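Let me begin by presenting the structure, written as structure tokens, before commenting on it.
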Amino acid sequence: MDIYHRDRFLGLWTTYFPGSELPLAFEFRKEPVTSANVPPPEGWRCIICQIGRARNGTPLVLSTESVTCRGGRMYAGYSCERPPGFRYFLSGGKAGVVEGERYKQTPEIVDAWEKLIPPFDASGNTIHVTRWDQLTTADNPDAVIFFARPEVLSGLYTLANFDQSDPNGVICPMGAGCSSILYYPWLEQQKENPKAVLGLFDPSARPCVPLDVLTMTFPMKKFTRVIGYMEESFLITKTWSTVQKKIERSAALYEKK
């Protein structure tokens, strides 16, 4: 990690997004499992809940043993297996077999949707999740995750589209909450011109985040460019100074006691 970029962004973030939560960086690393890795939770637990401590300043390392949610294991690249009856689980269920989440209208739609999800194998990798201000030269992030409310998201969304004519600088693919902060940003990072990913619309993941918070995740290639042009963007205009006042009000309203 280039510490210049870390420190430059910290200064810009404080200036243009006052009082806003710092983002997290995540990275897949080829490292063995150690006692320092996040231990397996008792029973099912969402990855979004598991990384909450990183938002508060505790760097985390997740391994295949740390992730027990089957959807999380797939979107983290630790498993390609679906549980029996998944097509019914994601749709309307099947009497006597599984209760449905009703996120898709029919099992057939689930089948077709699954064919559109590229396979992803991260076996043998650990997932490092670190708050931006705690990054060191040893880190090499794959993507940067913002947990944010509407005013902050408006700025991030506009920054994501600033240097391109294509109006789709941000994508919002359907999937589990962890897919929007891990899987899809990682896929985008492999592209020449990656897009940011808006997410955390998954109702199953919503209990793991504060009120009114969504995510915007930037592949690192794109985020490095964003840092470079923030000071020539709309952030220096009177329009944004008005939004900044709303950001400050929001930060004060939701400030942790």
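Cross-link partners of K115 among lysines, defined as those whose alpha carbon lies under 21 angstrom from its own and excluding same-chain residues fewer than eight positions apart: K104, K191. First check a/c for the range 178-247, with a ≥ b ≥ c the square roots of the eigenvalues of its C-alpha gyration tensor; if it is under 1.5, answer rounded, and if not, answer prolate when a/b is larger than b/c or oblate otherwise. It comes out oblate by the Cα gyration axes.
Which GluC sites (Glu not before Pro) does the range 111-199 hold that lie in a coil by DSSP with at most 14 other beta carbons within 10 Å? The partial results should precede the final answer.
Working: sites: E114, E151, E188, E192; in loops: E192.
Sparse-neighbourhood loop GluC sites (Glu not before Pro): E192.
Scan the range 22-99 for chymotrypsin sites (Phe, Trp or Tyr not before Pro) in coil per DSSP, keeping those whose Cβ has at most 14 other Cβ atoms within 10 Å, and list them by number. Don't skip to the answer; put the middle values down first.
Values: sites: F26, F28, W44, Y75, Y78, F86, Y88, F89; in loops: W44, Y78.
Passing both the DSSP loop test and the Cβ count: W44.
Using only the Cα atoms of the chain, build the gyration tensor, take square roots of its eigenvalues as a ≥ b ≥ c, and label the shape rounded, prolate or oblate: rounded if a/c is under 1.5, else prolate if a/b is larger than b/c, else oblate. The shape class here is prolate. Accessible surface computed residue by residue for the range 1-82, with neighbouring protein chains in place and a 1.4 Å probe, gives 48 Å² per residue.
So, counting K/R as plus one and D/E as minus one, what does the shell of residues with Cβ under 13 Å around E108 add up to? Surrounding charge for E108 is +1. DSSP bridge analysis restricted to the chain gives an antiparallel fraction near 90%, rounded to the nearest 5.
From the C-alpha coordinates alone, can you work out the Kirkwood hydrodynamic radius of the range 69-110, in Å?
Radius from the Kirkwood sum: 10.6 Å.
With all protein chains present, how much of the accessible area of the range 171-238 (probe radius 1.4 Å) comes from carbon and sulfur, to the nearest whole percent? Answer for the range 171-238: carbon and sulfur cover 60 percent of the accessible area. Restricting the trypsin sites (Lys or Arg not before Pro) of the range 57-124 to loop positions (DSSP other than H, G, I, E, B) with no more than 15 neighbouring Cβ atoms within 10 Å leaves R102, K115.
Using the 1.4 Å probe convention, the accessible area of the range 104-257 works out to 49 Å² per residue with neighbouring protein chains retained.
Shown for the range 1-120: the carbon plus sulfur share of the solvent-accessible area, taken with all protein chains present and a 1.4 angstrom probe, equals 55%.
The values are calculated or read from the model by the stated rules, or taken from the named source; none is laboratory data. Everything numeric in this text was worked out from a predicted model, so none of it was measured. Every residue, glycine as well, gets a Cβ built from its backbone with ideal geometry; the counts of neighbours run over all protein chains shown. For the accessible areas, the whole protein counts, side chains as well, though only heavy atoms, and no ligand, DNA or RNA atoms are used. Shrake-Rupley method; radii C 1.70, N 1.55, O 1.52, S 1.80 Å.
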